[in-house]
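Undergrad: Quick one: the structure is below, and I'll ask about it shortly.
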Amino acid sequence: MTDTGLDCFQHQPPKDFYALRALLTANLINAMKAASELEGDGRGNGLTDTAVHKRTGIARSTLRRLRSGGSDGMPRAPRLETLFELSQQIGIPLPFLLMGPHDWQVLGSSISDIFYYSDAAKHVVGDKPCDPKRTALEVLHRAHYNKPEPQELTNLRQRLCLILGRQMLAGARTTDSARLLAALAASLANQAAAATHRANSN
């Protein structure tokens, strides 16, 4: 298996800012390698610092620091403007560069479980305009089975659901999209809360 620099994030998210910088650096390097134009043999040779500099104006010294770190050997944290330019050049949504294996596992599990929340979303959303502030939480309450669990897990799940619901449903333009996004927000909140609770309990 190829070393991508992401193995340490397989089972848990970054614990601090230094770990987040390492994750971002690994994601940038891997994405730049994969985003290169394909050669005749079908293998990518990676975007060079020179090519990225010509297309974005980002200094080659900045790109070198992002790849290899500074004098202390630690990964450098790019400015938001630099990160945006790189994401545009690579052709990947900016949030994806901040996601590690653990985050993708949570998202995958949420998508797998979305059917569990779909019926609840149909009842909650109905044919009326939805309220981004509460709709996802109502879906979570309607769909989630009641079983004994730590109160802090319940509180975390509800808080995440309120936050994700407000963010995701703000752009819903149709009833169908509102139902889908409300179900996904509830499922994602449930999976993320459970994962965070497990990590904090270890």
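Undergrad: How many percent of the accessible area of segment 149-202 is carbon or sulfur, using a 1.4 Å probe? Can you show the working numbers first?
TA: Values: 1470 of 2850 Å².
Roughly 51 percent, rounded to a whole number.
Undergrad: If each residue of separation counts as 0.36 nm, what is the full-extension length gain between Leu94 and His123 once their alpha-carbon separation is subtracted?
TA: Details: separation 29, 0.36 × 29 = 10.44 nm, distance 3.39 nm.
That pair, Leu94 and His123, stretches by 7.1 nm at full extension.
Undergrad: Got a sec? What order do Tyr117, Tyr18 fall in by accessible area at 1.4 Å, biggest, i.e. largest, first?
TA: On the way: Tyr117 5, Tyr18 130 Å².
Final ranking, largest accessible area leading: Tyr18, Tyr117.
Undergrad: Also, I was wondering about something else. Please give the per residue accessible area of segment 108-202, computed with a probe of 1.4 Å over protein heavy atoms only, in Å². Provide the component values of the computation, followed by the final result.
TA: Numbers: 5520 Å² over 95 residues.
Ligands and nucleic acids excluded, the figure is 58 Å² per residue.
Undergrad: Using a 10 Å cut-off on Cβ atoms, rank the peptides 52-59, 26-33 from the highest mean neighbour count down. Walk me through the numbers before you get to the answer.
TA: Details: 52-59: 14.1, 26-33: 18.9.
For the peptides 52-59, 26-33, the packing ranking is 26-33, 52-59.
Undergrad: Under the 0.36 nm per residue contour assumption, what length would be gained going from the current alpha-carbon distance of Gln167 and Ala19 to full extension? Could the numbers behind the result be given before it?
TA: On the way: separation 148, 0.36 × 148 = 53.28 nm, distance 2.58 nm.
Gain on extension, Gln167 to Ala19, equals 50.7 nm.
Undergrad: Keeping every protein chain in place, order Ser110, Ser68, Ser177 by accessible area at 1.4 Å, biggest value first, i.e. largest first.
TA: Values: Ser110 0, Ser68 85, Ser177 35 Å².
Most to least solvent-accessible, the answer reads Ser68, Ser177, Ser110.
Undergrad: So, counting K/R as plus one and D/E as minus one, what does the shell of residues with Cβ under 11 Å around Leu137 add up to? Before the final figure, lay out the partial values.
TA: Numbers: positive: Lys133, Arg134, Arg142, Arg157, Arg159, Arg166; negative: Asp131, Glu138.
Net charge around Leu137: +4.
Undergrad: While we're looking at this one, here's another question. Which part of segment 101-129 falls in the paramagnetic zone of Asn200, meaning amide N under 15 Å from the point 7 Å along Cα-to-beta-carbon?
TA: No residue passes the distance filter.
Undergrad: At a 1.4 Å probe, what is the % contribution of carbon and sulfur to the accessible area of segment 75-119?
TA: Values: 1590 of 2550 Å².
Taking all protein chains in place, segment 75-119 shows 62 percent carbon and sulfur surface.
Undergrad: Compute, for Phe115, the solvent-accessible surface of its heavy atoms (probe 1.4 Å) with the complete set of protein chains present, and express it in square angstrom to the nearest 10.
TA: The accessible area comes out at roughly 140 Å².
Undergrad: Right, next: Between Ala59 and Arg134, what FRET efficiency follows from the Cβ-Cβ distance if R0 is 35 Å, with the result rounded to 0.05?
TA: Numbers: r = 47 Å, r/R0 = 1.35.
Result of the calculation: an efficiency of 0.15.
The values are calculated or read from the model by the stated rules, or taken from the named source; none is laboratory data. Worth saying up front: this structure is predicted, and the values here are computed from it rather than measured. Note that each Cβ is placed from the backbone with ideal geometry, even for glycine, and that neighbours are counted across all protein chains shown. Protein only, heavy atoms only, side chains kept; ligands, DNA and RNA dropped before computing areas. Shrake-Rupley method; radii C 1.70, N 1.55, O 1.52, S 1.80 Å.
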